[in-house]
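Trainee: If you scroll down you'll find the structure; I have some questions about it.
Every number in this text was worked out from the coordinates using simple rules, so none of it is lab data. Nothing here was measured: the structure is a model prediction, and the numbers come from that model. Cβ coordinates were reconstructed from backbone atoms using ideal geometry, including for glycine residues, and neighbour counts include every protein chain displayed.
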């Protein structure tokens, strides 16, 4: 993303944000996250490490399929919460804009999920837990999933001043 491609509404943000990151390496979009605001999962004080997932689906992904994905992810989050004292919070929602599936140039409907952990290592350790192994199909087995991308975020609260 280059500053010249930002809508005029976002230029002041882009100018400040560009001082702390390379804007050419990020993709900005809007998402209808629940809960809103997603304060607990994106706050360094409550979730020092946040796993951010982007799930890519066909652009014509049906409402029924979207609802099933959301229900499956909530089920998975309940399992994570029950089986890990290192889990802190979660949020998720459908992205408003169509995104490009990385490496393909293909347009997609996308879902963003955030899962808070006490550390990245806690997240990685949970992947070896039996509850994870038995239930990860709820995520990886989503109907028509084209790609799943995962990154970790270490929250920093930014003020407008």
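Trainee: Which order do 19, 11 fall in if you start with the one that has the fewest other Cβ atoms within 10 Å?
Mentor: In increasing order of surrounding Cβ atoms, one gets 19, 11.
Trainee: Then there is this: Across bins of 10 angstrom width beginning at 0, how are the C-alpha pair distances of region 16-81 distributed, in whole percent?
Mentor: Pair shares across the bins are 14, 38, 34, 14, 0.
Trainee: Sticking with this structure for a sec: Where does each of 39-49, 67-77 land if you order them by average Cβ count within 10 Å, highest first?
Mentor: Details: 39-49: 17.7, 67-77: 15.8.
Output ranking for 39-49, 67-77: 39-49, 67-77.
Trainee: Let me ask you something else. How big is the Cα convex hull of the chain in projection, averaged over all directions, in nm²?
Mentor: That works out to 10.2 nm².
Trainee: Apply 1/(1 + (r/R0)^6) to the Cβ-Cβ distance of residue 8 and residue 53, taking R0 = 45 Å, and write down the FRET efficiency to the nearest 0.05.
Mentor: According to the calculation, E is roughly 0.90.
Trainee: Work out, step by step, the length gained on full extension between residue 137 and residue 97: first 0.36 nm times the residue separation, then minus their alpha carbon distance; give nm to one decimal.
Mentor: The residue 137-residue 97 span can extend by a further 11.8 nm.
Trainee: Divide by every residue of the chain the summed helix terms, -39500 (n - 2.57) for each DSSP H run of at least 4, and state the resulting mean residue ellipticity at 222 nm, rounded to the nearest 500 deg cm²/dmol.
Mentor: -8000 deg cm²/dmol
Trainee: For the modelled label position 7 Å from the Cα of residue 39 along Cα-to-Cβ, which residues of region 77-106 have backbone nitrogen atoms closer than 16 Å?
Mentor: The answer is 89-91, whose backbone nitrogens lie closer than 16 Å to the label point.
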